[in-house]
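Before any comments, here is the structure.
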Amino acid sequence: AREITAQAVSGLPADFRWGVATAAYQIEGAAAEDGRTPSIWDTYCGVPGMVVRGENGDVACDHYHRMPEDVALIADLGVDTYRFSLAWPRIQPGGRGPANAKGLDFYKRLVDELEAKGVTPWITLYHWDLPQELEDAGGWPARDTAYRFAEYAALAYDALGDRVKHWTTLNEPWCSAMLGYAYGNQAPGRKNFGEAIHAVHHLLLGHGLASQYMREQAAERGNALDLGLTLNLGTATPETQSHEDAEACRRADGLGARLYLDPVVKGSYPADIVADLAAQGIELPVQDGDLAVIATPLDVLGVNFYRGALFSGVTEEGATTDADGLPVTRGVERDLPRTAMDWEITPTALTDLLVRLEKDYGLPTVITENGAAFDDTVSADGEIHDADRTTYLADHIAAVAAARAQGADVRGYFAWSLMDNFEWSYGYDKRFGIVRVDYDTQERTLKDSAKWYRDTIHLTRNA
Ligand code: GBH
């Protein structure tokens, strides 16, 4: 493990930011306490067949009641930063009206604990838990939701902005829009591509409105602000040199990455994707002034990286169009090692991605999530020898170092996740934690990967 450490961190500077990440609904539990109202995830979990074994976040890791111990655990790992999300339905139950003091109080106490232990808080405002009432009023496909989000962001920033410097507006808007409204395999489970495209624009508008507010307020109050947006990004590699495969990659990258990055960084939607959508009779619902709001300057781009993928523009049968007459964009499986999610393990794609982001967008980046689920076993001695996860982390951290060596301005890395938690539609049996959670006793146990991570951080600090 020592060797793997030295190799992984070689070239990372002493001020490189090291963290662990979580999200509210995945860990907090206490779903009906202190005024919290249901989010789209509470509702979705109640629909039979949507989540493995019908599991939900009612209890999860019971973090809401165990927060001080969990912060002690975080501090013990030696990380300097903790990335967590605020639950909108705790802070503003129902998605409208004044702040709920009890909801805010939990996060104030969390920030107190982190400060007391010398750990920097990094807040994500929205990690998928839209108040159900706002979904009932149309959800993200409705423009009003963007304004509601900005109002919620203002309540949160007013309460915590004087103490917290790092703010991420949205976690993975692609997932909120596409998985939530087009594919339906995440909450709220709707299946309409046109609506999902409307959701994209309103998520980005909400991001921009919230960003404007935080920028103005930070300037007025003299607060330091590190403002970001986190996207799930990968790479799209053509299977062959054919025109069809190049086109498939253009579309995959366009809908997965450029549709978000271009408006946010450059103030315009990618023309090729706008044209593809128009050919399907779909239009982004842009109004005058929206793009200027969406392009409010950012300090950092958060990158959640899980894998790079290979694409083909033809079906296995050789067709170039699908049942709807649309050009084929097909992910091609490769003979590579995989995680328990069945995701291919592709660390060098992370280097390629970071170098490309530097070249095309030029923003400083932080890896706000990277990690893997594996089928952990607890040994007779009670230890979890998750060498596969350690290797995964080491290879990806080394990929970050390689990107830096090629000029990419990557400033930090957060392991996903601090601890095993509610893995959305997969329920509790996909374990992404570097800390194990026993869901019967709520006992937390450091896996070998957590100990390795602690050693690794220590080594860069003292390099
Ligand atoms: C993150 O989403 C979430 O932010 C986090 O809450 C979650 O627990 C974590 O990942 C682990 O799932 O083409 O087969 O590679 C990541 C969501 C995962 C969406 C990869 C796109 C592509 C599937 N992304 N997925 S595949």
Interchain or long-range residues, amide H under 5 Å from T120's placed H:
T81, Y82
Give the peptides 85-93, 335-343, 111-119, 316-324 in descending order of average Cβ contacts within 10 Å, highest first.
85-93, 111-119, 335-343, 316-324
On full extension of the chain, what length is gained from D15 through D342, given 0.36 nm per residue of separation minus the C-alpha to C-alpha distance?
114.3 nm
Would you mind computing the Rg to Rh ratio of the range 332-463 from its alpha-carbon coordinates, Kirkwood style for Rh?
1.00
Packing-based ranking, highest mean first, of 169-178, 441-450, 47-56 given that Cβ atoms within 10 Å are counted
169-178, 441-450, 47-56
Would you mind calculating the relative contact order of the range 1-132 from Cα pairs under 8 angstrom and at least 6 residues apart, reporting the percent as a whole number?
32 percent
In whole percent, and with a 1.4 Å probe on the protein chains, what portion of the accessible area of the chain is carbon and sulfur?
50 percent
Ordering H243, H198 by accessible area with a probe of 1.4 Å, largest first, what comes out?
H243, H198
Would you mind checking which residues have amide H under 5 Å from I367's amide H? H placed 1.01 Å from N; only 5 or more apart, or other chain.
V303, R411, G412, Y413, F414
Relative contact order, percent, of the range 1-58 when contacts are C-alpha pairs under 8 Å separated by at least 6 residues?
29 percent
Kirkwood hydrodynamic radius, computed over distinct alpha-carbon pairs, for the range 299-409: how many Å, to one decimal?
16.4 Å
Compute the length gained on full extension between S242 and F193: take 0.36 nm times their separation in residues and subtract their Cα-Cα distance, giving the result in nm to one decimal.
14.9 nm
Let me understand the range 413-453 better: what is its radius of gyration from the alpha carbons, and its Dmax, in angstrom?
10.3, 31
Would you please classify the overall shape of the chain from the alpha carbon gyration tensor, given that a ≥ b ≥ c denote the square roots of the eigenvalues, rounded means a/c under 1.5, and beyond that prolate means a/b larger than b/c while oblate covers the rest?
rounded
Percent antiparallel among DSSP beta bridges (both partners in the chain, rounded to 5):
20 percent
Stokes-Einstein diffusion coefficient for the range 179-241 at 4 °C in a medium of 1.567 mPa s, Rh from the Kirkwood formula over Cα pairs: what value in µm²/s?
89 µm²/s
Once both labels are modelled 7 Å past Cα along the beta-carbon direction, what's the K451-A137 spacing in nm?
5.2 nm
Solvent exposure ordering (accessible area, 1.4 Å, most first) of S10, S425
S10, S425
Give the shape of the range 222-381 as rounded, prolate or oblate, defined through the alpha-carbon gyration tensor: a ≥ b ≥ c are the square roots of its eigenvalues, a/c under 1.5 means rounded, and otherwise the shape is prolate if a/b is larger than b/c and oblate if not.
oblate
Could you list which residues have their amide H under 5 Å from that of M419, counting only those 5 or more apart in sequence or on another chain, with H placed in the peptide plane?
I434, V435
How are the alpha carbon pair distances in the range 95-163 distributed across 5 Å bins from zero to the largest one, expressed in percent?
3, 14, 24, 23, 15, 10, 6, 3, 1
Would you work out if the range 31-126 is rounded, prolate or oblate? Take a ≥ b ≥ c from the square roots of the eigenvalues of the alpha-carbon gyration tensor; rounded if a/c is under 1.5, else prolate when a/b is larger than b/c, oblate otherwise.
oblate
Tell me the mean residue ellipticity at 222 nm calculated for the chain from its helices only (DSSP H runs of n ≥ 4, each -39500 (n - 2.57), averaged over every residue, nearest 500).
-11500 deg cm²/dmol
Take a quick pass over the chain and tell me how many lysine pairs come in under 28 angstrom between Cα atoms, counting only ones 8 or more apart or on separate chains.
13
Given that compact globular proteins tend to follow 2.2 N^0.38 Å, what is the ratio of the alpha-carbon Rg of the range 327-391 to that value?
1.53
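The values are calculated or read from the model by the stated rules, or taken from the named source; none is laboratory data. What you see is a predicted model, and the numbers here were worked out from it, not measured in a lab. Glycine also receives a Cβ, built like all others from the backbone with ideal geometry; neighbour counts cover every protein chain displayed. The area values use the complete protein model at the heavy-atom level, side chains included, leaving out ligands, DNA and RNA. Shrake-Rupley method; radii C 1.70, N 1.55, O 1.52, S 1.80 Å.
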